[in-house]
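The values are calculated or read from the model by the stated rules, or taken from the named source; none is laboratory data. Please read all numbers here as calculations on a predicted model, not as lab measurements. Here the Cβ positions follow ideal geometry from the backbone for every residue, glycine too, while neighbour counts run over all protein chains shown. Accessible surface is based on the protein model in full, side chains and every heavy atom, while ligands, DNA and RNA are left aside. Shrake-Rupley method; radii C 1.70, N 1.55, O 1.52, S 1.80 Å.
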Amino acid sequence: MTNVQPADASHESVEHLDSSQCWDLLRQVSVGRLAVWVDDHPDIFPLNYTVDHGTLVFRTGEGTKLGGALGESPVALEADGVDATSGLAWSVVVKGKAAALKSTEEILDSASLYLFPWQAGQKDNFIRITPDSITGRRFKVTAPLTWWTQLSGAVKASPE
């Protein structure tokens with residue numbers, strides 16, 4: 001089975017974003033996915049965050065996400081977006097170390113970030129990710145005809 005591709009299909013180039021462009025995009029959205037190492041495996045959690053002076057801050061409660069974020073291993077946060085009008089998509093990945101805000105000054109400053117959890121529950125831990133690296137890319141979303149296969153529209157068996 002082969003992919004059906006128009007004769008003039010070409011691979012669109014990927015624009016690699018500089019740090020400033022990445023930060024601008026991270027400020028445009030507030031939801032990302034946090035990747036952490038838990039025991040002997042990676043885990044990933046959706047969360048809302050805010051940008052604060054070249055760092056990212058999020059709130060969380062006690063549990064696996066907090067334990068993984070504050071462990072010895074570095075973390076990664078990925079955020080992305082797409083402009084439906086232009087068809088341009090982007091993705092930014094921040095890698096670094098996470099640390100809990102502990103001093104009275106840090107906690108009071110965090111209140112000015114207006115970072116409110118989306119999910120109910122006690123989310124008293126403010127965590128700051130200080131980046132070691134930030135990378136991003138922007139690209140044109142590929143038209144469906146370039147990746148459509150003959151099986152894309154096939155009727156699938158019902159789950160049992």
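Data for the structure
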{"item": "Subset of the stretch 57-76 [assigned to a loop (DSSP other than H, G, I, E, B) and either open to solvent by 30 Å² or more (accessible area, probe 1.4 Å) or under 23 Å from Ser133 (Cβ atoms) (or both)]", "result": "Glu62, Gly63, Leu70, Gly71, Glu72, Ser73, Pro74"}
{"item": "Counted residues, the stretch 120-160 - those being modelled with pLDDT under 90 and either of a type outside the set (A, V, I, L, M) or in contact with a strand residue (DSSP E or B) (Cβ under 8 Å, 6 or more places away or on another chain) (or both)", "result": "18"}
{"item": "Residues of the stretch 39-56 satisfying the condition of being open to solvent by less than 20 Å² (accessible area, probe 1.4 Å) and of a type in the set (Asp, Glu)", "result": "none"}
